[in-house]
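A short worksheet on the structure shown next.
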Amino acid sequence: MKKLTLDTNVLVRIAVLDDAKQARTAATALREADVLAVPLPVLCELVWVLARGYHKSPSAIAGAMRRLMNSRKVALNRPAVDAGLAVLEAGGDFADGVAAWEGQWLGGSEFVTFDRKAATLLPRHGFPTRLLHSPISGRRRAWFRHTQGPTLNISQAEPGGNSATPGVGRETISLSSARPQMPSTRRQ
């Protein structure tokens with residue numbers, strides 16, 4: 001039994017047919033497979049690429065996603081995709097619906113976000129949501145969020161911490177050990 005995990009670029013080639021040679025190659029691989037596994041990150045990327053790169057409407061994207069879901073060969077997380085499609089069709093981001101669903105599945109009881117639209121739409125689809133407010137605004141808010149306050153560096157254990165639970169007690173997560181510097185606003 002041939003089982004394939006699909007990358008976003010394979011699905012894009014099939015969906016938009018912008019490269020005939022790659023589309024044929026992708027179609028052949030998909031046709032020869034018995035199972036096509038489509039991970040959630042791939043679907044989130046696919047929706048983003050179709051919307052931003054190819055300017056497809058939410059309804060066109062939802063239709064393509066449903067055709068994919070209804071293929072007997074496709075294996076994917078249907079409840080998460082349904083949640084993403086519900087939010088997409090309501091005017092929000094597919095990835096927000098997927099993240100809210102998966103967060104609940106993982107045991108989260110509330111989705112927290114700085115995104116006002118997500119905070120408005122997600123509760124309408126059964127996801128308890130809280131809009132976080134930042135004490136500062138504009139360009140400095142983005143910089144502040146990434147550079148201030150206690151952090152948990154998930155790439156290495158904190159000094160003196162338990163290696164199984166690095167940085168226990170810290171409040172936020174930083175994916176990098178380096179702190180970005182605020183870019184200068186002076187013209188040179």
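Any read-out appearing in this document is the output of simple, stated calculations on the displayed coordinates, not a laboratory observation. This is a predicted model, so every value here is computed, not measured. Note: ideal-geometry Cβ built from the backbone for every residue, glycine included; neighbour counts use all protein chains shown.
Just a few scattered comments:
- Per-peptide average of other Cβ atoms within 10 Å, ordering 84-92, 33-41 highest first: 84-92, 33-41
- Taking a straight line from the alpha carbon of Lys2, these aspartates and glutamates sit under 16 Å away, with near neighbours fewer than eight places off in the same chain left out: Glu32, Asp34.
- Gyration tensor verdict on the stretch 47-100 (Cα atoms; rounded if a/c is under 1.5, prolate if a/b is larger than b/c, oblate otherwise): oblate
- For Lys3, the lysines whose Cα comes closer than 30 Å to its Cα, not counting residues fewer than 8 places off in the same chain, are Lys21, Lys56, Lys73.
- Paramagnetic label zone (point 7 Å from Cα along Cα-to-C-beta, Ser57; backbone N under 18 Å) in the stretch 1-41: 16
- The aspartates and glutamates whose alpha-carbon is closer than 16 Å to the alpha-carbon of Lys117, local same-chain residues fewer than 8 away aside, are Glu89, Asp93, Asp96.
- The listed peptides 64-76, 8-20, ordered by packing as a protection proxy, come out as 8-20, 64-76 (highest mean of other Cβ atoms within 10 Å first).
- Model label points for Glu32 and Arg72, set 7 angstrom from Cα along the Cα-to-Cβ axis, are 2.2 nm apart.
- Summarising the label geometry, the points placed 7 Å from Cα in the beta-carbon direction at Ala90 and Trp48 lie 2.2 nm from one another.
- Among the chymotrypsin sites (Phe, Trp or Tyr not before Pro) within the stretch 71-128, those in coil by DSSP and having at most 16 neighbouring Cβ atoms inside 10 Å are Phe114.
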